[in-house]
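What follows is a short report on a single structure.
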Amino acid sequence: ATVRADGSTDEVSALRAPDSRVEIGGGHVDSDNGNFGKYTGLNEQGEYLLLDADINRREDDSGSWLRLRVRNAGLDSREIRIEQERQGSWSYYLEYNEIPRFEPLTVTTGVVGIGGPNLSTAGAASEVEFESKRKRLDLGLTLNSLASSKWGFSFDFRNEEKKGERIFGVGTPGGNRFNFTPEPLDSTISLIEGTFRYTDRKFQFAGGYYGTMFRNDPKALTWDYGDANLLALSPLALPPDNESHQVHVSGGYSFSPAVRGTFKAAYTLATQDDTFILPSVSGRTDLGGRIETTLLQAGISARPMPNLSITGNLRYEDRDDRTPVVQYIVPAGANNTWDGFNEPRDIETTHGKLEASYGLPGGVRAIGEVQYEKKERNTFTYRSVSHRDTTEEMTYTAALRRTMSDTLTGGISYAHADRFGSDFRQNILFNSNAAGSNVFAPLHYADRQRDKVRVSLNWFPTDPLSLQVYVDEISDRYDGDRDGSGGGPRRGEQRVFALDAGYRFSENWQGSLWYNRNEYRWENAIPGVAYDTSSNEGDSYGAGLRGRLHARLEAGVDLSYSEVEDRWNQESLSGVPVPSQLPVATTRQARLNLFGNYTLEENSGIRFDYIYDQYSTDDVTWGGWGPGGTGSYSDGTVIREPSPQKLHFVGVQYFHRFQ
Amino acid sequence: SAQDNKRPDLVLKGDAACTRCHNEGSEFPVLAIGKTPHGTGADARTPTCTSCHGVSETHVRKPRDAIERPRPDILFGRGSPTASHSQDAACLSCHEGGKRMHWSLSMHAGRDTTCTSCHQVHAQHDPVRDKTTQAAVCLNCHKEQRAQISRPHRHPILEGKVACSDCHNPHGSAGPKNMVRDSVNDTCYQCHMEKRGPFVRSHQPVQEDCSICHNPHGTTLPSLLKIRSPFLCQSCHEPTGHRARLAQLGIGSTGANFEARGCMNCHTQIHGSNNPQDLSNTRGLRR
């Protein structure tokens with residue numbers, strides 16, 4: 001081997017130099033699909049260019065890097081990132097990234113003008129493709145150590161355009177008729193962030209500005225389908241322009257190797273003063289929206305004894321909505337649950353946490369934790385949803401964990417949380433001040449008892465075998481009624497069970513198996529009518545195998561399958577039978593992925609991919625919505641989710657590696 | 001030893017003592033660190049082997065009376081006898097600033113998750129720093145989310161277009177649940193800013209916390225809802241008028257509260273509306 005000036009050989013030089021790789025080829029999808037390709041662009045039958053690159057160059061003398069990443073260049077999900085860096089001095093990157101979303105539903109409609117602000121129904125019904133595509137242009141600039149090794153500055157800018165259409169509709173206030181009114185998407189999100197940093201061994205500090213801006217056009221959506229009731233709903237206000245400006249400081253100080261404190265303080269002003277799409281009786285031409293949010297956080301971690309660790313954290317956030325309160329609607333009569341004023345929302349959150357962890361023999365740690373959270377929210381005299389000013393929650397956790405072991409690690413924990421709060425305010429009606437409905441404690445306001453158990457085990461019984469078991473169970477009991485009627489939120493449950501196994505058959509072959517069981521249940525009641533139970537139960541399975549079939553051929557296979565059942569049961573509380581039960585929805589997904597790398601020469605080869613994907617569902621969201629179904633759009637639009645969807649994808653790419 | 005002094009360093013300063021054994025044929029090859037920023041010698045901050053692993057005197061020169069070679073002073077990974085905070089300290093001695101400032105208070109640190117639980121320091125390609133492979137690293141522990149991210153209604157995590165770290169800072173943050181911004185909503189607004197408002201007509205839970213109604217990791221329900229309409233809506237709204245109606249297929253006498261967009265068939269602007277008028281009684285987030 002050639003010996004270099006620094007004494008190394010070509011072989012060593014290759015082992016320490018960054019690698020680069022370019023892949024080019026083609027792929028074929030054998031059928032149109034809604035699910036498989038909705039985020040990649042592989043949603044239509046046809047051929048696709050596959051082009052990827054990962055180029056990394058470094059000048060060893062200067063420490064300068066050039067990195068170029070190209071991914072999915074031939075697809076609608078293409079992204080390109082170029083980055084230059086003088087390591088330890090400065091760096092910058094530019095990134096272009098497209099995130100498409102092709103609507104997996106098929107739409108047959110006579111609505112014309114889709115994608116624009118004015119819709120009509122002059123056209124003949126035909127199938128329409130919906131696409132929203134976010135084009136994200138990231139511009140990043142990072143400058144480090146300009147003044148010294150301790151000071152740094154970074155600047156980040158992201159601009160994201162979102163264009164396309166979204167499935168949308170409006171419904172009549174009377175007559176139970178619905179129109180298909182796809183929403184135009186043409187908005188831009190911009191994020192700008194500049195941060196100063198100071199870093200030394202004991203003290204780290206960062207401060208800066210974070211600004212965000214949302215711009216949307218058009219501002220309103222109108223339609224005229226010749227239906228007077230539905231025309232009365234036009235125009236519809238699309239999301240208004242808004243922006244925010246934040247200044248923040250944060251830091252950390254290591255008082256000693258065993259004691260460290262951190263903090264953050266931030267002030268954010270968010271505004272929304274976009275011009276109204278229609279005149280207002282208030283005389284205002286815009287909302288004048290203004291929300292000021294103050295965040296204060298401080299925490300400390302310490303190891304006062306070798307076996308004892310303590311952490312404490314306090315976080316306070318005050319969201320102060322200072323939007324002017326104005327009467328936008330003048331109610332015509334009495335006994336309304338509203339008075340026509342807008343309703344700015346103040347939310348004040350205080351969260352504290354104290355945790356102690358003590359090391360026991362055998363590499364086991366005992367952990368005890370107490371958390372407290374208090375939320376204070378404002379309200380208004382007249383409202384349609386029950387309100388209490390304050391909710392508080394105490395959470396107590398005890399856990400045992402073992403991490404320092406070659407053969408068995410994991411933990412078991414139990415947590416109990418108790419949420420309670422101030423008295424609920426009486427709902428009263430506008431003008432008459434008569435008592436309104438005071439029945440439900442809303443989901444996120446209601447008293448709640450939560451128990452949570454989690455077990456995780458990582459077992460390595462022999463060198464080639466590893467096993468993981470994970471169990472997580474949460475049980476929530478709500479006091480969801482305010483009047484003893486048994487209404488409102490009642491119970492929530494969640495169960496997760498996971499089992500993983502990995503096995504290394506030889507130096508060249510390894511395999512894995514996994515299983516997930518996820519269960520969620522929610523129970524709610526309408527007093528005197530019915531209680532309902534929503535459940536979602538899913539089983540997911542996976543298997544993988546990787547290995548070397550031949551000196552030139554590496555190959556692998558991944559197989560996954562999931563089956564999820566959604567059930568909605570309604571049981572009568574009135575004695576009057578529930579008219580008809582809702583159908584069970586079963587969703588199944590299966591995927592087989594085969595791949596291989598065949599080496600042609602030392603630095604080149606062929607990559608092969610084969611995917612079989614199958615998706616099916618009998619979900620009724622759109623299943624009965626159309627001619628002959630139980631409901632429909634009165635303009636004749638039909639929306640369907642194709643099921644089952646089956647497809648084969650084959651891709652072949654030539655790759656070249658170099659340094 | 002004199003022999004080590006003659007042997008050239010191959011990647012890092014002073015690594016000759018290590019690379020005489022840890023070559024590519026050894027059980028623990030180390031030269032690939034040269035492909036990484038840690039192996040960029042022109043950067044004066046670049047560590048040496050002992051910066052991270054300690055001087056490890058007895059590992060380099062095995063005592064005569066030792067049967068097995070003692071391990072390095074600081075060892076990383078599964079089965080390491082080094083305390084997790086000591087492992088982390090080796091990394092934090094350089095990396096404690098910036099996005100890792102709050103590490104000591106993070107749930108990961110509190111549960112003995114170390115830097116090398118997720119990061120491959122010696123490899124050019126660190127899967128957790130690549131958004132196409134990051135999720136697989138996180139899902140090694142976060143099993144609930146492993147199933148959720150494959151549900152039909154989800155973020156494009158499997159396609160590598162959204163990464164876990166777009167929303168969570170695993171190194172700890174001042175926000176809840178390691179959010180990259182100061183709150184759940186501020187994190188969601190990074191991409192869904194049209195929901196921010198404020199609006200003439202606002203919906204309280206929307207302003208408080210997106211995750212009251214949505215599960216961002218994936219569901220079988222459209223729009224990543226946790227519970228289907230009308231049951232979700234009926235978990236808060238007083239049971240008067242049409243709000244107390246049973247869920248039913250189609251339209252019928254109950255309105256279209258289950259199929260198509262459910263309650264949102266009429267209450268289309270569920271995140272808030274900036275329309276100041278109330279034509280046709282539409283103040284209920286309907287236009």
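The values are calculated or read from the model by the stated rules, or taken from the named source; none is laboratory data. Values in this document were obtained by computation on a predicted structure and should not be read as measured data. Neighbour counts are summed over all protein chains in view; Cβ atoms, including those assigned to glycine, are modelled from backbone coordinates with ideal geometry. Heavy atoms of the whole protein, side chains included, go into the accessibility calculation; ligands, DNA and RNA do not. Shrake-Rupley method; radii C 1.70, N 1.55, O 1.52, S 1.80 Å.
Points worth noting:
- From A:GLY528, A:GLY486, A:GLY575, A:GLY511, residue being part of a strand (DSSP E or B), of a type outside the set (Asp, Glu), surrounded by fewer than 19 Cβ atoms within 10 Å (Cβ to Cβ) and more than 25 Å from the chain's Cα centre (by Cα): A:GLY511
- From the list A:GLY312, A:GLY333, A:GLY363, the one residue that fits, being facing chain B (nearest Cβ under 10 Å) and modelled with pLDDT under 95, is A:GLY363.
- Summed over the stretch A:214-234, the residues that are of a type in the set (D, E, K, R) and either in a loop (DSSP other than H, G, I, E, B) or under 11 Å from B:ARG287 (Cβ atoms) (or both) give a count of 3.
- Any chance B:GLN207 is at the interface with another protein chain (Cβ under 7 Å from one of its Cβ atoms) and either in contact with a Lys or Arg (Cβ under 7 Å, 6 or more places away or on another chain) or among the hydroxyl-bearing types (Ser, Thr, Tyr) (or both): yes
- Residues that are open to solvent by less than 40 Å² (accessible area, probe 1.4 Å), more than 9 Å from chain B (Cβ to nearest Cβ) and not in a strand (DSSP E or B) are absent from the stretch A:190-205.
- Failed criterion for A:ASP274 (all others in (1) under 28 Å from A:HIS248 (Cβ atoms); (2) in contact with a Ser or Thr (Cβ under 9 Å, 6 or more places away or on another chain); (3) open to solvent by less than 30 Å² (accessible area, probe 1.4 Å) hold): (2)
- Scanning the stretch A:460-483 for residues that are over 17 Å from A:THR409 (Cα atoms), in a strand (DSSP E or B) and open to solvent by less than 50 Å² (accessible area, probe 1.4 Å) turns up A:ILE474, A:SER475, A:ASP476, A:TYR478, A:ASP481.
- Residue identified as among the β-branched types (Val, Ile, Thr), open to solvent by less than 30 Å² (accessible area, probe 1.4 Å) and within 30 Å of A:ARG365 (Cβ to Cβ) among A:THR262, A:THR293: A:THR262
- Qualifying residues in the stretch A:80-117 (those that are out of contact with any Asp or Glu (no Cβ under 8 Å at 6 or more places or on another chain) and closer than 25 Å to A:GLU165 by Cα) - the one nearest to the other protein chains (Cβ to nearest Cβ): A:ILE99
- Among residues of the stretch A:115-131, those that are modelled with pLDDT of 95 or more and among the aliphatic types (A, V, I, L, M), counted: 1
- Yes/no for A:ARG591 being touching a strand residue (DSSP E or B) at 6+ places or on another chain (Cβ under 7 Å) and in contact (Cβ under 8 Å) with a residue 60 or more places away in the chain: no
- All positions within the stretch A:384-408 that are under 28 Å from A:ASP479 (Cβ atoms) and either at the interface with chain B (Cβ under 9 Å from one of its Cβ atoms) or in contact with a helix residue (DSSP H, G or I) (Cβ under 9 Å, 6 or more places away or on another chain) (or both): A:SER384, A:VAL385, A:SER386, A:HIS387, A:ALA399
- Of the residues contained in the stretch B:247-262, none is found to be on the phi < 0 side of the Ramachandran plot, open to solvent by 30 Å² or more (accessible area, probe 1.4 Å), part of a loop (DSSP other than H, G, I, E, B) and touching a residue at least 40 places away in the same chain (Cβ under 8 Å).
- Among strands (runs of 3 or more DSSP E) entirely within the stretch A:1-94, having at least 3 residues that are open to solvent by 40 Å² or more (accessible area, probe 1.4 Å), without any contact (Cβ under 8 Å) to a residue 60 or more places away in the chain and under 30 Å from A:LEU105 (Cα atoms) singles out A:46-59.
- From A:GLY605, A:GLY636, A:GLY624, A:GLY631, residue being small (Gly, Ala, Ser), surrounded by 20 or more Cβ atoms within 10 Å (Cβ to Cβ) and at pLDDT below 95: A:GLY631
- Candidates B:HIS22, B:HIS38, filtered to the one that is in a loop (DSSP other than H, G, I, E, B), within 14 Å of another protein chain (Cβ to nearest Cβ), under 18 Å from A:LEU15 (Cβ atoms) and of a type outside the set (Asp, Glu): B:HIS22
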